[in-house]
Amino acid sequence: MAATRARIRIRKGDMVEVIAGKEKGKRGEVLEADPRRQRVIVENLNLSKKHKRPKARSDSSGMGQQQIEPGGVVDLAAPIPISNVMLVCPSCDRPTRVSHAVEEVKGVDEKVRACSRPDCGKGLDR
Ligand SMILES: [Zn+2]
């Protein structure tokens, strides 16, 4: 069988822990995953200051009023290389490598992500 191409193992909504760099040990939820660049954006992690100009914004309440979004310095989460984070297993609450298990779903073999800890091994997608 042909080797399967390396796929991104971390998805939007996953909890991850940083395992390298200045924010090592911190956790956050993945807001965006970019499989092409192998990067993830994690809530409140790897923040960088961005300067914003004040700008007009249409009112979402539909009243037709214009609101002014104040300018200033905002903290924006910058992408982190996927190699610097590890998925946190929702079952055992520890960072884990993702192992793939095959589970039969409605008669079809489906690849599911599973915790690689030998004393856990629970599925990561439930
Ligand atoms: Zn686990």
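Quick one: is V74 modelled with pLDDT of 85 or more and closer than 21 Å to H100 by Cβ? Criteria not met by V74.
For region 72-122, the set of residues classified as in a strand (DSSP E or B), within 16 Å of the ligand (Cβ to nearest atom) and among the small types (G, A, S) consists of S99, A101, A114, listed by residue number.
For the residues E43, E69, E103, E29, the requirement of being surrounded by 11 or more Cβ atoms within 10 Å (Cβ to Cβ) and in contact with a Leu (Cβ under 7 Å, 6 or more places away or on another chain) singles out E43.
The requirement of being open to solvent by 40 Å² or more (accessible area, probe 1.4 Å), more than 19 Å from R27 (Cα to Cα) and touching a strand residue (DSSP E or B) at 6+ places or on another chain (Cβ under 7 Å) is satisfied by K122.
The values are calculated or read from the model by the stated rules, or taken from the named source; none is laboratory data. Predicted model only: the values in this text are computed from it and were never measured. Positions of Cβ are backbone-derived with ideal geometry, glycine not excepted, and every protein chain shown enters the neighbour counts. When the accessible area is computed, the model is the full protein with side chains, heavy atoms only, and any ligands, DNA or RNA have been set aside. Shrake-Rupley method; radii C 1.70, N 1.55, O 1.52, S 1.80 Å.
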